[in-house]
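Chemist: Sending over a structure as structure tokens; questions will come in a sec.
The values are calculated or read from the model by the stated rules, or taken from the named source; none is laboratory data. What you are looking at is a predicted structure, and each value in this text was computed from that prediction instead of being measured. Please note: Cβ atoms are built from the backbone with ideal geometry, for glycine as well, and neighbour counts cover all protein chains shown. Areas reflect the complete protein model, heavy atoms only, side chains present, ligands, DNA and RNA absent. Shrake-Rupley method; radii C 1.70, N 1.55, O 1.52, S 1.80 Å.
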Number of protein chains: 2
Amino acid sequence: MRLVRQQGFGGTSVDALCAAAGVTKGAFFHHFASKEALGVAAAAAWGAHAASLFDDAQYRRDPDPVARVLAYVDHRAALLEGAAWEFTCLAGTMVQELHESSPAIREACRASIFGHADSLAGDFHDAIADRGVVGVTGIGLARHVQAVLQGGFIMAKANGGPEAARDAVAHLRHYLVLIFGEENDHD
Amino acid sequence: MRLVRQQGFGGTSVDALCAAAGVTKGAFFHHFASKEALGVAAAAAWGAHAASLFDDAQYRRDPDPVARVLAYVDHRAALLEGAAWEFTCLAGTMVQELHESSPAIREACRASIFGHADSLAGDFHDAIADRGVVGVTGIGLARHVQAVLQGGFIMAKANGGPEAARDAVAHLRHYLVLIFGEENDHD
DNA sequence: CAAAGCATACCAACCAGTCGGTATGAGTCA
DNA sequence: TGACTCATACCGACTGGTTGGTATGCTTTG
């Protein structure tokens, strides 16, 4: 689904998709009722891909929850390399374009983005409880992390390189450190 | 340019644009060499619009620079009302869609977004100097503010309402308060 | 009159989606 | 075993409509 990430959903024709995937148009419409159905399936697949990337990563076994959330952010920062289509979020790209015209795709993208935030909320909740932080919630902080990442992607697209996104993530990390303090049992 | 904000650039045809503006296609192509030229002009106009909205707002005369930057964020939060197309950023929307396919529009959107950040950098610089904050720069912080806003817009589009964007801005304000402390001469 | 501003009709390219047809393989029965 | 049926997977030419853009001529203004 690289083409959609490069050119957008509307900018990618079904013909182009089929040519890139090496299938014919007949096969495409045999498997998907419409182009919109492909968008829904792509968003769902993206959510599953994200889950497989982050859900059982090594760093999630650190006993200190603050170390876990900082490691997650560092991991995200490390992925910011290459061209925009290589590190940006398919769900964020699609929902921006289609949130008004296709409720089905909007919902699939929402599920992907907020679902990923949900999967992080536990660690943030533990970190908040562990440090006795007040004024923020685990789910709220997890969603804010996603918002900053999405915003960083837009800055990177505007600027033509990943540096702008890395700056945003660096500020995000700074925010978390100000909230939680540095991690305990590292170094 | 409401149509572009609702449906995206590719999703809005020149015919629809002309109908909405009450002009004919002949007049359109008399004024713009191409649809892409319209996009460039729209991004530039958006930047000018933002400048007129924020550059000489009342709150920018507060003698405390920290009060100024917090007032800016509060002002942005207050604008998060209604449907997504009413409060989201035209430049952010367009650059996401066209950053690869149209370098001219990408550059115009970059100028709009980063130009607005530049116009805030002075206040952030003053706030940093005033409070003796280390580890962040005025321009870096101003750009981060834009990134969080853009990310909030995406979360709002995914969620179908402005609440998600307000949450992001609330965390952004929290970050600034942690960095600078509360403002001095307010209340 | 001459140029600029604008309107109308038009074009080739492209779009998502359709449709008649084929290939294949599993199940049935004599 | 082999002829028959049925369902699923797949093919690619085709269609009706839309796209950005153009060609031409009218109309207003200086």
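Chemist: Quick test of your reading of the structure: A:Ala19 fulfils all but one of (1) among the aliphatic types (A, V, I, L, M); (2) out of contact with any helix residue (DSSP H, G or I) (no Cβ under 8 Å at 6 or more places or on another chain); (3) near DNA strand C (Cβ under 9 Å from one of its atoms). Name the failing condition by number.
Modeler: That leaves (3) as the condition not met.
Chemist: Tell me yes or no: at least one residue of the stretch A:64-84 is touching a Cys at 6+ places or on another chain (Cβ under 6 Å) and away from DNA strand C (no atom under 16 Å from the Cβ).
Modeler: no
Chemist: Looking only at the stretch B:88-141, count every residue that is over 12 Å from the mean Cα position of the chain (by Cα) and outside any helix (DSSP H, G or I) and tell me the total.
Modeler: The number of residues fulfilling the criteria is 10.
Chemist: Hey, another quick one. What are the residues in the stretch B:90-128 that are within 16 Å of B:Ala41 (Cβ to Cβ), open to solvent by 40 Å² or more (accessible area, probe 1.4 Å) and at the interface with chain A (Cβ under 10 Å from one of its Cβ atoms), if any?
Modeler: Of everything in the stretch B:90-128, those that are within 16 Å of B:Ala41 (Cβ to Cβ), open to solvent by 40 Å² or more (accessible area, probe 1.4 Å) and at the interface with chain A (Cβ under 10 Å from one of its Cβ atoms) turn out to be B:Pro103, B:Arg106, B:Glu107, B:Arg110, B:Ala111.
Chemist: Report, by residue number, each residue of the stretch A:161-180 that is without any contact (Cβ under 8 Å) to a residue 40 or more places away in the chain and within 8 Å of another protein chain (Cβ to nearest Cβ).
Modeler: A:Ala164, A:Asp167, A:Ala168, A:His171, A:His174, A:Tyr175, A:Leu178
Chemist: Please verify whether A:Leu53 is surrounded by fewer than 14 Cβ atoms within 10 Å (Cβ to Cβ), more than 16 Å from DNA strand D (Cβ to nearest atom) and away from chain B (no Cβ under 14 Å), treating the condition exactly as stated.
Modeler: So A:Leu53 passes the test.
Chemist: Do you know which residues across the stretch A:73-90 are touching a residue at least 60 places away in the same chain (Cβ under 8 Å) and farther than 19 Å from B:Gln96 by Cα?
Modeler: Selection gives A:Val73, A:Asp74, A:Arg76, A:Ala77.
Chemist: I need the full set of residues from the stretch A:22-61 which are part of a helix (DSSP H, G or I) and farther than 23 Å from A:Ser112 by Cα, in order please.
Modeler: Residues satisfying the conditions are A:Lys25, A:Gly26, A:Ala27, A:Phe28, A:Phe29, A:His30, A:Arg61.
Chemist: Taking the stretch A:15-40 only, how many residues are β-branched (Val, Ile, Thr), within 10 Å of DNA strand D (Cβ to nearest atom) and surrounded by 13 or more Cβ atoms within 10 Å (Cβ to Cβ)?
Modeler: Residues in the stretch A:15-40 being β-branched (Val, Ile, Thr), within 10 Å of DNA strand D (Cβ to nearest atom) and surrounded by 13 or more Cβ atoms within 10 Å (Cβ to Cβ): 1 in total.
Chemist: Exactly one of (1) open to solvent by 20 Å² or more (accessible area, probe 1.4 Å); (2) away from DNA strand D (no atom under 16 Å from the Cβ) is unmet by B:Val69. Its number?
Modeler: Tallying (1) open to solvent by 20 Å² or more (accessible area, probe 1.4 Å); (2) away from DNA strand D (no atom under 16 Å from the Cβ), B:Val69 fails exactly one: (1).
Chemist: A further question on this structure: Is it the case that B:Thr12 is within 16 Å of DNA strand D (Cβ to nearest atom), hydroxyl-bearing (Ser, Thr, Tyr) and either within 14 Å of chain A (Cβ to nearest Cβ) or surrounded by 19 or more Cβ atoms within 10 Å (Cβ to Cβ) (or both)?
Modeler: Answer is yes for this residue.
Chemist: Now for a different question. Just checking, which of A:Phe54, A:Phe28 is out of contact with any Pro (no Cβ under 7 Å at 6 or more places or on another chain) and within 16 Å of DNA strand C (Cβ to nearest atom)?
Modeler: Matching residue, one of A:Phe54, A:Phe28: A:Phe28.
Chemist: Looking at the stretch B:134-160, which of its residues are crowded, with 24+ Cβ neighbours inside 10 Å, within 8 Å of another protein chain (Cβ to nearest Cβ) and more than 20 Å from B:Phe114 (Cβ to Cβ)?
Modeler: B:Met155, B:Lys157, B:Ala158
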